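Visitor: Take this structure, written in structure tokens, and hold onto it; I'll ask about it next.
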Amino acid sequence: MRAYAKINLDKLIDNVKKVSDIVSKEKIMAVVKANAYGHGDIQVVKKLIEFGIRTFAVATFLEAKRLSEKYKEIDILILGEIEKNQFKEIENTNILISISNIQDLKYIQECGLKNRVHLKLDTGMNRLGFLASEIEEAKKYIGKINIEGIFTHLSSVESDEEFTKKQIDIFLEATKDLKIKKHILNSAGIKRYECYLDYVRLGIDMYTDVMSLYTKVVHIHSIKKGEKVGYDGTFVAKKDTKIATVSIGYADGYKRGFSNKVEVEINSRKYKQVGNVCMDLMMVEVDDNVKVGDIVTLFKNNKELMALAKIADTITYEIFTSISLRVDRIYEENKALQ
């Protein structure tokens, strides 16, 4: 394998257990969009089903369809919008849909779609959802179509406590007379608020320390002081040195923005990445301890992942979801489920 990610399924379940100690498994909606944040949706969902999770959330129609074809015994909520021509395709499946506007509610009533619906309420993120002033009109469709639930999305749990509390208050006030399922908390919210309602949506915290990323050395050669490395020659050797080429690049999800800014681990030693990260390869300045075929560790825990995200001026979500399908996933598990 030229590059691979190890996925620790035992750690995945350990993370979920921390939440199931707070709320019941029946209340956990596991978010597995974007190929389970890059970890592999089919394998992650299989493990979570074994643990007792039965409700899942994705972002798109194709993500839901893929899981629905494999697992008939679960509920799969599409959090994003779907096209009207896709409504018929989900008929008589275990796929639930989110609706954010009156036009789609009217269409569902007209076409007779029986799938369960969750209304989305916009409490301040200004992305998708009914405004609080529109929700009364949406409520009129309860009983006319199969509206099972209502939810909102907290935009700033980790950065703005006052605004988050305002969002929660808006949601609770707008839905106080509704006898349908409700959900509001995401991973960050679960740790800070007790507004658990009927579901909590467990996303990024489910994947903490689950993935580690590796590649290998495929070539080593020596260069002289003053020689340049890579596209545009952004690294110039300050001494005679050795350059290892390793088999991962930005098409695999290892960002070009890491160029000349990160270190990798080979044989328990740190080495500096040099030159621009290429589409399929990148270079590392090494010494005589490194040989062709050696394993290169790119990150092995959440601390290292967060450091990479900081360098790229992004978040860990983006690093995870950028790991492409060219990178093999190796699934590891040892513990028996309890």
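The values are calculated or read from the model by the stated rules, or taken from the named source; none is laboratory data. It should be emphasised that the depicted structure is a prediction, and the values quoted were computed from it without experimental measurement. In this analysis, Cβ positions are derived from the backbone assuming ideal geometry, glycine residues included, and neighbour counts consider all displayed protein chains.
Visitor: Does at least one position in region 187-195 carry a residue that is buried (at least 18 other Cβ atoms within 10 Å of the Cβ), more than 26 Å from the chain's Cα centre (by Cα) and closer than 27 Å to S322 by Cβ?
Guide: no
Visitor: Here's something else I'd like to know. How many of the residues making up region 14-23 are under 18 Å from the mean Cα position of the chain (by Cα) and either over 12 Å from Y199 (Cα atoms) or at pLDDT below 95 (or both)? Give the steps one after another, and end with the answer.
Guide: Keep residues of region 14-23 that are under 18 Å from the mean Cα position of the chain (by Cα), which gives 14-16, 19.
Checking the rest, the ones that are also either over 12 Å from Y199 (Cα atoms) or at pLDDT below 95 (or both) come to 14-16.
Count: 3.
Visitor: Please determine whether any residue of region 244-254 is closer than 23 Å to I319 by Cα, surrounded by fewer than 16 Cβ atoms within 10 Å (Cβ to Cβ) and touching a helix residue (DSSP H, G or I) at 6+ places or on another chain (Cβ under 9 Å).
Guide: no
Visitor: Report whether or not L9 is buried (at least 16 other Cβ atoms within 10 Å of the Cβ) and in contact with a Lys or Arg (Cβ under 7 Å, 6 or more places away or on another chain).
Guide: Yes; evaluated as a whole, the condition is true for this residue.
Visitor: I would also like to ask the following. Is at least one residue of region 25-35 in a loop (DSSP other than H, G, I, E, B) and farther than 19 Å from T316 by Cβ?
Guide: So the first thing to find is which residues in region 25-35 are in a loop (DSSP other than H, G, I, E, B), and the list is 32.
Still in the running and farther than 19 Å from T316 by Cβ: none.
No, every residue in region 25-35 fails to be in a loop (DSSP other than H, G, I, E, B) and farther than 19 Å from T316 by Cβ.
Visitor: Separate question: For region 46-67, how many residues are assigned to a helix (DSSP H, G or I) and over 22 Å from E81 (Cα atoms)? Can you show your working first?
Guide: First pass over region 46-67, keeping only residues assigned to a helix (DSSP H, G or I): 46-51, 61-67.
Keeping just the survivors that are over 22 Å from E81 (Cα atoms) gives 46-51.
Of the residues in region 46-67, 6 are assigned to a helix (DSSP H, G or I) and over 22 Å from E81 (Cα atoms).
Visitor: Here's a follow-up. Here is a list of conditions, (1) farther than 24 Å from K70 by Cα; (2) touching a Gly at 6+ places or on another chain (Cβ under 8 Å); (3) of a type in the set (S, T, Y), and Y37 meets all of them except one; can you say which number that is?
Guide: Looking at each condition in turn, Y37 falls short on (1).
Visitor: Return the residue satisfying two criteria in turn: it lies in region 196-230 and is under 17 Å from V44 (Cβ atoms) and of a type in the set (A, V, I, L, M, F, W, C), and of such residues it is surrounded by the fewest Cβ atoms within 10 Å (Cβ to Cβ).
Guide: Here is the first cut: in region 196-230, the residues under 17 Å from V44 (Cβ atoms) are 201-213.
Add one more test, that the residue is of a type in the set (A, V, I, L, M, F, W, C), and what stays is 202, 204, 206, 210-211, 213.
Numbers: L202: 27, I204: 16, M206: 25, V210: 24, M211: 26, L213: 26.
If we take residues in region 196-230 being under 17 Å from V44 (Cβ atoms) and of a type in the set (A, V, I, L, M, F, W, C), then I204 is surrounded by the fewest Cβ atoms within 10 Å (Cβ to Cβ).
Visitor: Restricting to region 54-99, what's the tally of residues that are closer than 21 Å to T321 by Cβ and either in contact with a Leu (Cβ under 9 Å, 6 or more places away or on another chain) or among the β-branched types (V, I, T) (or both)?
Guide: Adding up the residues that qualify gives 14.
Residue-wise test of (1) in the same structural domain as V23 (by TED's automatic domain parsing); (2) closer than 30 Å to F163 by Cα; (3) loosely packed, with under 14 Cβ neighbours inside 10 Å.
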| site | (1), (2), (3) |
| --- | --- |
| E63 | yes, no, no |
| L119 | yes, yes, no |
| N126 | yes, yes, yes |
| A132 | yes, yes, no |
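Visitor: Just one of the numbered conditions (1) of a type in the set (A, V, I, L, M, F, W, C); (2) within 19 Å of S222 (Cα to Cα); (3) in a strand (DSSP E or B) is not true of L298; which one?
Guide: For L298, the failing item is (2).
Visitor: Right, another one. Could you check M283 against (1) in contact with a strand residue (DSSP E or B) (Cβ under 8 Å, 6 or more places away or on another chain); (2) over 30 Å from A36 (Cα atoms) and say which number it fails?
Guide: M283 satisfies all of (1) in contact with a strand residue (DSSP E or B) (Cβ under 8 Å, 6 or more places away or on another chain); (2) over 30 Å from A36 (Cα atoms) except (2).
Visitor: Can I ask one more? Any idea which of E91, E26, E83 is in the same structural domain as F151 (by TED's automatic domain parsing), at pLDDT below 95 and within 25 Å of L121 (Cβ to Cβ)? Show your work before the answer.
Guide: Numbers: E91 fails: within 25 Å of L121 (Cβ to Cβ); E26 fails: at pLDDT below 95.
When all the criteria are applied, what remains is E83.
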